[in-house]
Structures are given as structure tokens and as C-alpha cells.
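S.K.: Below you'll find the structure I mean.
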Amino acid sequence: MTSFTDDARIALDNLTDRAAGLVNPTIRLGVTGLSRAGKTVFISSLVHNLLHGGRLPLFEPVQSGRVSAVRLEQQPDDGVPRFQYEDHIRALVKDRIWPDSTRAISELRLTIDYQSASGWNRLFSPGRLSIDIVDYPGEWLLDLPLLAKDFRTFSEETIALARTGIRNELAQPWLELTGACDITEPADEMRARGLATAFADYLKACKSDERSLSTLPPGRFLLPGDLDGSPALTFAPLILPPQGRPEKGSLWAMMERRYEAYKSVVVKPFFREHFSRIDRQIVLIDALQAINRGPEAVQDLERALTDVLACFRPGTNSLLSSLLGRRIDRVLVAATKADHLHHESHHRLDALTRRLVDRAIQRIGMAGAGIDVMALASVRATREATVKRDGLELPVIVGTPIEGETIAGETFDGLKKTAIFPGDLPENPEALFASFESGDRDVQLPEVSVVRFRPPALDETGGGIKLSVPHIRLDRAMQFLFGDRLA
Ligand SMILES: Nc1nc2c(ncn2[C@@H]2O[C@H](COP(=O)(O)OP(=O)(O)OP(=O)(O)O)[C@@H](O)[C@H]2O)c(=O)[nH]1
Ligand SMILES: [Mg+2]
């Protein structure tokens, strides 16, 4: 999967990390999810709640009063952009707008001073733990499996999938173009660009809001960053003959070389410098969005989740796993934005997410140990209430829709509050999945509210100090992700 020198470097980096960790205990917490899943909001709220003494009853170290100080410190990696916590929190708390999309990797170090719970450890100086939070796009994770695939396999799999379901329609222009091209013709830059653009357009169409299909590799085709236009990003899968090797100088040879370049320029450095150093991981998914978009989006999310979790499975490749070891020992899959539902439905969102994860775990033959699942809201933008209608008490959620949001013909100005009936998920997720499997494309999915609310106005204490950001179960996530390291 990686070359020997890569492996040696990873081993060395890991050793250096561990040696540094002996002096100052540190864990690296990876936060990932496909774009718009809620990574930036999750990290901002987690840090804000720790810094400002948020309500965290399920986070034991804070609940039992053992945390004495929390502060932000300089991050260890000078080459990685800092997670701009202050900007994001200003947007959320002061301006009450959602932070901008981030689209690349960033890092933030949070240091916690605490009293150990065990008398024995208390004998040695007070405890200190640094948490290096690393925010990176889930699309980059989906690229990792490419390391084990040659150009032929990549082409075959990508084209086969592009011919299924709704993708077939979206992929038509690209499939026609690639079907008509002669892969033995001499390599030509314009031809390569035409194919790459058509292929990228197909991937973008899948990702668009109405479709919400989870992205497929190569991830950088959607988030090119500073590699935009480089040869490593100017390739596309090809329809290949069942056997044979490309002729030197042919279009086929060129595309194959560029695919390999993509792996060595984009995928390997990410693996080596970031992924291989993570200790704990949270994967955020927007399950409600997928449910809203229909069965294909849900199945697609399941496929993406399977690929993502496969990255965390130890033991697929002996060399790799011996280096990576048990390094990532806890993975949390969290369905975000639970504040779109009434609390009675939270456990249903839990169950549905668990079901998605269980199937993924089963498919890749991975032990479920070290994996947890929950529904949460990093920022709770709504509160619950009941309204009377026809003598019945009905649960509603109340919030301020963002400016320009239209509900039942009324366009909101970003100031007015409104109550809406939240979505309702089925008690038993099995029914939902059974209807997917029947192959029936017209199955009725539960109605879930899609209203976008503004972040909440925070309560103030007497002294005019704003309290911390309200959330749902963020404390439970913290407990799972690093509570044990503060024991
Ligand atoms: N109501 C509610 N909305 C949320 C919550 N978390 C995220 N959102 C919404 O989801 C959007 C995306 O959240 P981000 O945190 O920016 O997502 P991201 O994963 O960092 O996205 P990229 O940076 O584009 O990859 C936000 O603009 C909010 O509209 C939440 O806890 N509650
Ligand atoms: Mg972000």
C-alpha cells in the first residue's frame, strides 16, 4: 500500500509523537465528515463549552469538578493552518450566523489541567492533557482506498457505479465523451482536460443539494485547493480493454500516470502526515439531510460510511496495521443537527445511525469494539414547545429561520421566530431499510424538517457575560472521545 520508506517515516513520526507525549500527554482527535456535515460547528462548540464552563453533565471530569483550567495553546504543527476558533465563535455567538465553509485541514490545541480521580495518581503533580483537534474533509478519507487500487480497478469500479441508478443520468455527458474517445490515440492535453472536466462535473452533480449523494473519490476533484489545474488533478477513469497495457505516449498511459501522481502527491502525504497520527476519531454525518433526499442518498451515505470505517479497520494490511497499530482506538459516528427533531425522536435518529453503522461494520468484517454511535447537536438552534390543535397537544420546535428561508409561502427576515412541526422518524429503522432493499424507488420517506435556523441567542448572566453554547449530547461525545484520558 505504501512504500517501505513511507512506512519507515510513519513509524519514526509516530515514535517522535509518542516520545513528546511522555513529557506532555497529548491526544490527536480527528474530526471528519463530508462537506457541510458540521465539523466546524462541532469543534467551535466543543471548545467554547470547555473554555466557558458549559453545561456538561455527562462529561465526568467537568461534572465531578476535577478540571481546574482549560486554555488554547500553540499547535505543534507549524505547517498546518490553525483552526480559526475565534472567527468561527464570533460568527456563531455574536453575529448569530453559521461559520463559513472551511474545505481544508486545520488544527487547534486545547490544554486541560485536571486532578486525577485516583488517589495514587494525585500524588504525582496535577494532570495535564493536550488535545490536538484536527479538522479534515471526509472526502480525503474516501481517497485512502485508492492507495490499494491500480488505474484499471479504479476505472472499472468508478464506471460501473456511474452506470447505476440516478448516477447514470448525471454521468451521461461524461460517459458519452469517454465512450467515444480512443484511448490508444497519442496523449493530448486538451483531450485530458475535456475528460477530467466532464468527470468532475458528474461528481459535482452528485454532490449538489438536490441529490446529496455522498462523494466518491477522487476527493480533490470537488475540493481542488491549490492543486487546481495541476496534472495530478487532470485525469479521468477510462473504459479499458479487458487486458493489456497502455502503449507509451498514449492517452491511456498519460491518464494512468496522472492517477498514480494523484496518489503520491495528494493521498500519501495526507495519510503519512495526518491520518496515521490520529488517536481518536469522530465521524459526523448528516443523516437527516440524506433521509430528506431519498433512498438513494441514504444508500449512498451508507456506502460512504462503509468506506470511511474501513479506513479505521486494523489488520487489512499487515505492514500498515503494525505501524498504525491500535493507534486509533476509538471511533464515534455521530448524526448531527439533532435539534431539528423533537427530543422524543432523538433515540430514533440514534437507532437509524446505529443501523447504518452496523451494516457497514458487518460488510467490512470489522469488530464493533471501540466504535460508538449517537445523535447530537453541536449547537442547539431550537427549543421545544407544544401547541394545541383540535384539542390535541402537539410537539413543535421553535427557532429563528435564517434570512430568506421560506416556510409555507412565508419568507423570513432572520429576526422573526416561528414554531414548526419537527420531522418524525420511524420507531423501527428496519422498515425504512427494508423498503430500500425492495428496490422500490418511490418509497415514502419520513418527513423531516429542513428549515435552516439561525444559531441561538445566548442567555446572559447578571454581569452581561454570555453563557456557553447550548447543545444536545455534546458532553456524551466528549466523554467517549477523551473522558478516559482525564481519569
Ligand atoms: N441546527 C443545527 N445546524 C447545524 C449544526 N451543525 C451544523 N449545522 C448546519 O450545518 C452547516 C454546516 O456546518 P459546518 O460546521 O460549517 O460544516 P463543515 O463540515 O465544517 O463543512 P465544510 O467546512 O464545508 O466541510 C452550518 O452552516 C449549519 O447550517 C447543529 O448542531 N445544529
Ligand atoms: Mg468546516
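The values are calculated or read from the model by the stated rules, or taken from the named source; none is laboratory data. Just so it is clear, the model here is predicted, and its values are computed rather than measured. A quick note on method: Cβ atoms are made from the backbone with ideal geometry, for glycine too, and the neighbour counts reach across all protein chains shown. Keep in mind that these areas ignore ligands, DNA and RNA; they rest on the heavy atoms of the full protein, side chains included. Shrake-Rupley method; radii C 1.70, N 1.55, O 1.52, S 1.80 Å.
S.K.: Could you check how many residues of region 327-350 are within 16 Å of ligand 2 (Cβ to nearest atom) and hydroxyl-bearing (S, T, Y)?
M.R.: 1
S.K.: Filter region 351-382 down to residues that are of a type in the set (D, E, K, R) and over 17 Å from the mean Cα position of the chain (by Cα) and give me whichever is nearest to ligand 2 (Cβ to nearest atom).
M.R.: Across region 351-382, the extreme among qualifying residues is R380.
S.K.: Would you mind stating whether R163 is in contact with a Cys (Cβ under 9 Å, 6 or more places away or on another chain) and free of Cβ contacts under 8 Å to residues at least 60 places away in the same chain?
M.R.: Spelling it out, it is not the case that R163 is in contact with a Cys (Cβ under 9 Å, 6 or more places away or on another chain) and free of Cβ contacts under 8 Å to residues at least 60 places away in the same chain.
S.K.: If you take the residues in region 41-74 that are open to solvent by 60 Å² or more (accessible area, probe 1.4 Å) and charged (D, E, K, R), which one is farthest from ligand 2 (Cβ to nearest atom)?
M.R.: Going through the qualifying residues, I end up with E60.
S.K.: Same structure, new question: When region 44-68 is examined, which residues are found to be more than 27 Å from I97 (Cα to Cα) and charged (D, E, K, R)?
M.R.: E60, R66
S.K.: Give me the residue from region 70-104 that is polar (S, T, N, Q) and within 13 Å of ligand 1 (Cβ to nearest atom) and, out of that set, farthest from the chain's Cα centre (by Cα). Give the derivation first.
M.R.: Narrowing region 70-104 to residues polar (S, T, N, Q): 74-75, 84, 101-102.
Of the ones still in play, those that are also within 13 Å of ligand 1 (Cβ to nearest atom) are 84, 101-102.
Details: Q84: 18, S101: 13, T102: 12 Å.
Here the residue is Q84.
S.K.: Same structure, new question: Does E139 satisfy the criteria of being surrounded by 13 or more Cβ atoms within 10 Å (Cβ to Cβ), assigned to a helix (DSSP H, G or I) and without any contact (Cβ under 8 Å) to a residue 40 or more places away in the chain?
M.R.: Working: surrounded by 13 or more Cβ atoms within 10 Å (Cβ to Cβ): yes; assigned to a helix (DSSP H, G or I): yes; without any contact (Cβ under 8 Å) to a residue 40 or more places away in the chain: no.
Considered against the rule, which asks whether it is surrounded by 13 or more Cβ atoms within 10 Å (Cβ to Cβ), assigned to a helix (DSSP H, G or I) and without any contact (Cβ under 8 Å) to a residue 40 or more places away in the chain, E139 comes out as no.
S.K.: I'd like the full set of residues that are surrounded by 13 or more Cβ atoms within 10 Å (Cβ to Cβ) and polar (S, T, N, Q), limited to region 228-248.
M.R.: Scanning region 228-248 gives S230, T234.
S.K.: Taking the condition of being open to solvent by 50 Å² or more (accessible area, probe 1.4 Å) and not in a loop (DSSP other than H, G, I, E, B), how many residues in region 395-418 meet it?
M.R.: Of the residues in that region, 3 qualify.
S.K.: Can you spot a residue in region 206-227 that is assigned to a loop (DSSP other than H, G, I, E, B), open to solvent by 10 Å² or more (accessible area, probe 1.4 Å), more than 25 Å from G38 (Cβ to Cβ) and aliphatic (A, V, I, L, M)?
M.R.: No: region 206-227 contains no residue that is assigned to a loop (DSSP other than H, G, I, E, B), open to solvent by 10 Å² or more (accessible area, probe 1.4 Å), more than 25 Å from G38 (Cβ to Cβ) and aliphatic (A, V, I, L, M).
S.K.: Name the pairs: first residue in region 335-348 and over 15 Å from P429 (Cβ atoms), second residue among the charged types (D, E, K, R) and within 16 Å of ligand 2 (Cβ to nearest atom), Cβ to Cβ under 7 Å, at least 6 apart or on different chains?
M.R.: Listed pairs, sorted by first residue: T336/D286; K337/D286.
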